[in-house]
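Okay, so here's the structure we're looking at.
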Amino acid sequence: MSAIGRPPWQNRPTWPVQTLKGIVIAGIVFVMLYPFVYVVATSFSGDTTSVSGNGLLPTHYSFAAYKAIFSGNVVLRSLMISIGVTLVGTALSMIITIGMAYGLSRTRDVPGTRFVLYAVLATMLFTSGIIPNYLLMKSLGLLNSYWSLILPGVANAFNMVVLRNFFMEIPADLFDSARIDGASEWQILTRIVLPLSKAVLAVVALFYAVGYWNDFFNALLYLNDSTKWPIQLVLNQYVIHGQNLDQAGAPASGQLRVAAQSIQMAVVVVATVPILVVYPFLQRYFTKGVLTGAIKG
Amino acid sequence: MTVATTRHTATAGTPSPTDSRSARSAGTVSRILRERWMYLFIVPGVAYFVIFQYVPLFGNLVAFKNYSPFLGFNASPWVGLQNFTDLFSDPEFLTALKNTALISLMQILFAFPAPIALALMLNSLISEKAKRLVQSVVYLPHFFGWVIVISIWQAVLGGVGPMASLLNSLGHGHENVMADPHTFLALVTAQVVWKEVGWGTIIFFAAISAIPVERYEAAAVDGANSFRRMWHVTLPGISNVIVLLLILRLGTVLSVGFEQLLLQQDAVGSGAAEVLDTFGYYRGVIGGQWGLATAAGLFKGVIGTVLVISANRIAKRTGSGGLF
């Protein structure tokens, strides 16, 4: 409605109102963005001992903190682990979720699938608790395995519903003519359904990927071996709990003299960048994906 | 974009009549055989939901046992409700329960209305460009996990950050806001608002865009200024959605961010940051009191499920639809 600007019945707002709105919005944007700017700036602040000073931002800039974290293996290894878990996990999640969304998209024709659908939807109503999940992983022998970061959340009912709703909106004529031509369900799924759903598939995949990347809970719960830690656990240990990365035998910063806070912020930046990279793609589509699932279950 | 979305949603639930006529006439067995691909597709998903969602439900039986990892599930003795009576005489559990309720209450009071206010404010912007710019800024924090969010907050508000030096120069001493148990409740609420306020606006934007433009025109013709149009047209137009979301939110009062609180518990102490989930984690996984911790989780889970289901029933009764 407002792509053409102000509709004729709407008066031009008075200048005090406009100024007030401007101030409020500027305030919101500042509160949202300043922490990021501060973190990035601090990570580049390099070798000074007092990083933040009294101003809002540091004054000296260098790459010393990044050199320090990448010269050690703790951060680099955890990044590799996070990337690996995210890629494998997302692929597996998509295979399972697509299969389920399509397999449950014709509950009227396929006997028994309505029951399965309800059983899946019911999982949104309960959580089984931390201890039972832990004991399950233990009895499956998955403690300290990378699978413990992937399997507990490899599919979720919400994403399945989002995909299923989308698949069900594809015009039935397309399926009918393919079936008359003798196409199998596998062919229909891979040649018709998936190519038509590229956008929503991309969104769901990105949501899974962001979830794997951000996951802290599973890693904390199931991994004892610190050499298997993903980046979020490294953040927790060395940034939030302030353990010195030097002591972990990580960066050889003996002569570099990099401020600890600068190194910590560099780790935060490194953990944040992948999300910032996919964010524009996510943003373009997510309202659609979120709503189709959220309103109608 | 949001307009298209709403239209999209309205048709989402309609069943597709695909192939049903021919399928009905065939016998069940031949239908099953003919649809074998469909069953194959759902096998991995069914396996996942059975093993990782339904099997752990039975693991909750540990709550009625004196579980010992050396004896295993079967050999551990049953103790009836012993774990539950222990739980309710445990002062730390009662603290956790109290903190959970307090944090939930604060979030319902402040974090719940925040996106409504933001959506109304952004909606009043005429410039589409400014609106979109602000939206892409405020949505962003939702996509960062709690570890990243707490790291960032600690950098800005922690002992060596700019907030501490600002407070210092104002004569408050070198204060670490991130480690103060007295203001922790406000801090936790502010973090949730910061992270989720933008994301929360999406559903209200969709509701606002579904309001017919004619109503605004009519109100304007009747002499309503922009504030009164917001008050008399926009707010009533989205009140259904607000009521529905509020009721559903009430259904999840016992779930407060586990990661958010666990990450900050070392800084502020368990007196302020112990909630039901962190209690279960520390007592069970760290402390080895498996039965007690499972009882705490089961208590939370059962109440949570009952609340969600009754919240939904109430939502339906008020005419807001309900989710299922």
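The values are calculated or read from the model by the stated rules, or taken from the named source; none is laboratory data. A quick note: this is a predicted structure, and the numbers were derived from the prediction, not measured. Counting neighbours? That spans all protein chains shown, and the Cβs are built from the backbone with ideal geometry, glycine included.
If I filter region B:54-66 for residues that are among the β-branched types (Val, Ile, Thr), within 9 Å of chain A (Cβ to nearest Cβ) and assigned to a helix (DSSP H, G or I), do I get at least one hit? Scanning region B:54-66 turns up at least one residue that is among the β-branched types (Val, Ile, Thr), within 9 Å of chain A (Cβ to nearest Cβ) and assigned to a helix (DSSP H, G or I). Is it the case that region B:209-228 has a residue that's at the interface with chain A (Cβ under 10 Å from one of its Cβ atoms), closer than 23 Å to B:Leu133 by Cβ and among the aromatic types (Phe, Trp, Tyr)? There is no residue in region B:209-228 that is at the interface with chain A (Cβ under 10 Å from one of its Cβ atoms), closer than 23 Å to B:Leu133 by Cβ and among the aromatic types (Phe, Trp, Tyr). Of all the listed residues (B:Leu250, B:Leu298, B:Leu254), the sole one being touching a residue at least 24 places away in the same chain (Cβ under 8 Å) and buried (at least 24 other Cβ atoms within 10 Å of the Cβ) is B:Leu298. Restricted to region B:26-45, and to residues there that are over 19 Å from A:Arg179 (Cβ atoms) and touching a Gly at 6+ places or on another chain (Cβ under 9 Å), the residue that is farthest from the other protein chains (Cβ to nearest Cβ) is B:Val43. Within region A:185-235, the residues that satisfy the criterion of being touching a residue at least 60 places away in the same chain (Cβ under 8 Å), more than 10 Å from chain B (Cβ to nearest Cβ), over 17 Å from B:Val147 (Cα atoms) and in a helix (DSSP H, G or I) are A:Val193, A:Leu194, A:Ala199, A:Val200, A:Leu201, A:Ala202, A:Val203, A:Val204, A:Ala205, A:Tyr208, A:Thr227, A:Lys228. Residues that are surrounded by fewer than 19 Cβ atoms within 10 Å (Cβ to Cβ) and in contact with a Gly (Cβ under 8 Å, 6 or more places away or on another chain) do occur in region B:87-97, at least one of them. Number of residues in region A:158-184 that are without any contact (Cβ under 8 Å) to a residue 12 or more places away in the chain and within 10 Å of chain B (Cβ to nearest Cβ) equals 7.
Taking the criterion of being in a loop (DSSP other than H, G, I, E, B) and in contact (Cβ under 8 Å) with a residue 12 or more places away in the chain, the residues of region B:155-171 that qualify are B:Gly158, B:Gly159. Taken together, B:Gln82, B:Gln135, B:Gln107 contain a single residue that is of a type in the set (S, T, N, Q), more than 25 Å from the chain's Cα centre (by Cα), on the phi < 0 side of the Ramachandran plot and more than 8 Å from chain A (Cβ to nearest Cβ), which is B:Gln82. Residues being modelled with pLDDT under 90, touching a helix residue (DSSP H, G or I) at 6+ places or on another chain (Cβ under 9 Å) and aromatic (Phe, Trp, Tyr) are entirely absent from region A:90-107.
Taking region A:263-285 as the range and being more than 9 Å from chain B (Cβ to nearest Cβ), modelled with pLDDT of 85 or more and in contact with a helix residue (DSSP H, G or I) (Cβ under 9 Å, 6 or more places away or on another chain) as the test, the residues that pass are A:Ile263, A:Ala266, A:Val269, A:Val270, A:Pro274.
If you check B:Val221 against the conditions, is it surrounded by fewer than 22 Cβ atoms within 10 Å (Cβ to Cβ) and β-branched (Val, Ile, Thr)? So B:Val221 fits the description; yes. Listed conditions (1) touching a residue at least 24 places away in the same chain (Cβ under 8 Å); (2) more than 11 Å from every other protein chain (Cβ to nearest Cβ) are all met by B:Gln260, apart from (2).
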